[in-house]
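Here the structure comes first, spelled out in structure tokens, and everything after it is commentary.
Where a number appears in this text, it was derived from the coordinates with a stated rule and is not lab data. Not measured: the values here are computed from a predicted model. Note: ideal-geometry Cβ built from the backbone for every residue, glycine included; neighbour counts use all protein chains shown.
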Amino acid sequence: MTNHSYDTTVTASAYMEKSYSVRRVYQPLDISAKLKSVPDDFIVEENIAIDFSGEGEHCWLYIRKRGCNTDWLAQQLAAYCGVKKMAVSYAGLKDRHALTSQWFSVQLPGRPTPEWREFESSLSSPESDESVEVLQCFRHNKKLQRGALKSNTFHITLRELSDNSETMFDALEMRCHQIANGGVPNYFGVQRFGRNYNNLEQAEKLFARPRYKLAKHKRSLYLSAARSWLFNLILSERVKRGIWNSRIAGDVFMLNGRSACFKDDVDNVDEIDRRLLDNEINPTAILWGQGEIMVNSQAADLELAVVNQFPVFRDGLIAARLQAQRRSCRVIPEQVACSRLGDDFVVSFTLPAGSYATMVLAEIFIELRESGFNNSTRAKI
């Protein structure tokens, strides 16, 4: 195996100063676009797989919201129903600057289902972009758990394209077909790390003072950012070596669209290669924490070499008692469709829960500008 040297004293801040960027698989097309010019340009729909009991103390709501974030809406639901915030749960956070449909549950023991029209009207204003609409309501005997999503479906409109020639639209369509067939690296999106990577800096401070009292949700946010960063670095290294979607000795594989894993088998290399080529399975990388890393040989060498660049994160996550997990290195979007709408480009696809639409877009456009944020995401190879 080729030896790779690493600076074991580098910090997250130092990497940010070097403008570190994860590596891309496809050469981004020489075109930029504007993302989220209006909330309706970024539509997200949560998908769950559940048979509702039709009775029980939990009221499940499928709510379409515009211009408000998930946690704030949960607080409004609690206030309207006259319950504590902990009685309201949701599967995942959704962007404020988008039109999103997501599930909530409210625990209402011994109480009838509320009338939701008044709730909708109290939070919707024709003078602003904010609106809330209850699309579905069911009673169920269990609460909604965090992460209990099957997938998210995205409908995204890109505007102000820097090149709106017919040739470029043909190239955009071809790239979408490439992604539908071969997938993209399953990176965590930059939003995971906070504005200007602040969540990583806060994680460093937390690890330096582990007994510092911090709100539970903030602690969880910073820990998640640190190990997501390590995962991205490992995956980026695999992309660099051309092995993000193929086997190396000692790998652990995950069934596509599922969490079940199995270890490399040197006696069945041809079968593993076939399943990788057919998109049945994907290589994985570690979500760092305590416990078995599962990989060995070349795969273990690669992961440990990258993690050892960040001793503060490496040791801090173990001290925080986060359990090591595996995450797929590749995600293959489903139901991919794209079209030209005047001078705009519209693309839609479905991703498993935990995968990021912005990471799909980054494999298409060389630069994305987000409206109202005074920033842009530029793909670097």
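Data for the structure
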| read-out | value |
| --- | --- |
| Residues located in segment 142-167, provided they are of a type outside the set (Val, Ile, Thr), free of Cβ contacts under 8 Å to residues at least 60 places away in the same chain and within 24 Å of Leu29 (Cβ to Cβ) | Ser165, Glu166 |
| Number of the condition not met by Arg275 [criteria: (1) free of Cβ contacts under 8 Å to residues at least 24 places away in the same chain; (2) within 24 Å of Asn164 (Cβ to Cβ)] | (2) |
| Check on Asn268, surrounded by fewer than 17 Cβ atoms within 10 Å (Cβ to Cβ), more than 22 Å from the chain's Cα centre (by Cα) and over 15 Å from Ile248 (Cα atoms) | no |
| Test: residue in segment 171-192 that is under 15 Å from the mean Cα position of the chain (by Cα), of a type in the set (A, V, I, L, M, F, W, C), farther than 18 Å from Ala353 by Cβ and part of a helix (DSSP H, G or I) | yes |
| Output for segment 180-215, where each listed residue is in contact with a helix residue (DSSP H, G or I) (Cβ under 8 Å, 6 or more places away or on another chain), closer than 30 Å to Asp278 by Cα and of a type in the set (S, T, N, Q) | Asn186 |
| Filter result for the condition that a residue is surrounded by 13 or more Cβ atoms within 10 Å (Cβ to Cβ) and more than 21 Å from the chain's Cα centre (by Cα), over Leu277, Leu302, Leu255 | Leu302 |
